[in-house]
Every structure is written in structure tokens, then in C-alpha cells.
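One structure below.
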Amino acid sequence: MLSGVTDLVRELPVLYGAEIVETGILLTGGGALLPGMTERLAAETGVSVRRAADPLRAVIRGAREILPTVARHNLWQHHAFGTSR
């Protein structure tokens, strides 16, 4: 997980990378609950890292909020399971 995140941070376009440097990384989901994950990720990336107040529910809330946009643009049919158009 650490190498995936660090690779992603390194490969981001400058605009997004600058935002992450300014605001940090917010961990959600089960990985956020792993002991020491925030500290190790911060050390690997050099970016501040914090954990969502309720990491597991944050994933569900985020999915619920994005669902109308996905449905409106019919995105799941083109991007499900890593497939492209």
C-alpha cells in the first residue's frame, strides 16, 4: 500500500501535487486503521498525513456523495473494474 501511494504522489500532475503538499493526505478506509500507517506514509511521502475521524464510514459517505454524478454521466459502465472505453 505504501509503495502504491508514494508512486501515485510522485506521478501526479503539478496542480494536484501542489494541492496535496498544501493540504496533506487524508486516510480513509481500513488502511487508515493500521497502527503506524499515518506516520509511515508521512515519512515515505514527506507530506502531512491524517486519518479521517471515522475512516470506514468516510468511504461509504464519499461513495454516496459521488453516486449521483456517476449515474448522471453513466461512468460505471466505462470504468468498472479498471476497464476503459
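The values are calculated or read from the model by the stated rules, or taken from the named source; none is laboratory data. This is a predicted model, so every value here is computed, not measured. Virtual Cβ from ideal backbone geometry, glycine too; neighbours counted across all protein chains shown. Keep in mind that these areas ignore ligands, DNA and RNA; they rest on the heavy atoms of the full protein, side chains included. Shrake-Rupley method; radii C 1.70, N 1.55, O 1.52, S 1.80 Å.
Which residues, taken from region 6-16, are closer than 12 Å to Gly46 by Cβ and either of a type in the set (S, T, N, Q) or within 13 Å of the chain's Cα centre (by Cα) (or both)? Reasoning before the result, please.
Applying the first criterion (closer than 12 Å to Gly46 by Cβ) to region 6-16 yields 6, 9-10.
Correct list: Thr6, Val9.
Which ones in region 16-44 are open to solvent by less than 60 Å² (accessible area, probe 1.4 Å) and within 13 Å of Val5 (Cα to Cα)?
Within region 16-44, Gly17, Ile20, Gly24, Ile25, Leu27, Gly31, Ala32, Met37, Thr38, Leu41, Ala42 qualify.
Scan Leu34, Leu15, Leu26, Leu2 and give me the residue that is touching a strand residue (DSSP E or B) at 6+ places or on another chain (Cβ under 8 Å), at negative phi and hydrophobic (A, V, I, L, M, F, W, C).
Leu26
Could you tell me whether Val47 is surrounded by 13 or more Cβ atoms within 10 Å (Cβ to Cβ) and free of Cβ contacts under 8 Å to residues at least 24 places away in the same chain? Quick ask: steps written out before the conclusion?
Values: surrounded by 13 or more Cβ atoms within 10 Å (Cβ to Cβ): yes; free of Cβ contacts under 8 Å to residues at least 24 places away in the same chain: no.
Judged against the criteria, Val47 is not a match.
Anything in region 44-68 that is at pLDDT 90 or above and hydroxyl-bearing (Ser, Thr, Tyr)? List them, or say none.
Across region 44-68, the qualifying residue is only Ser48.
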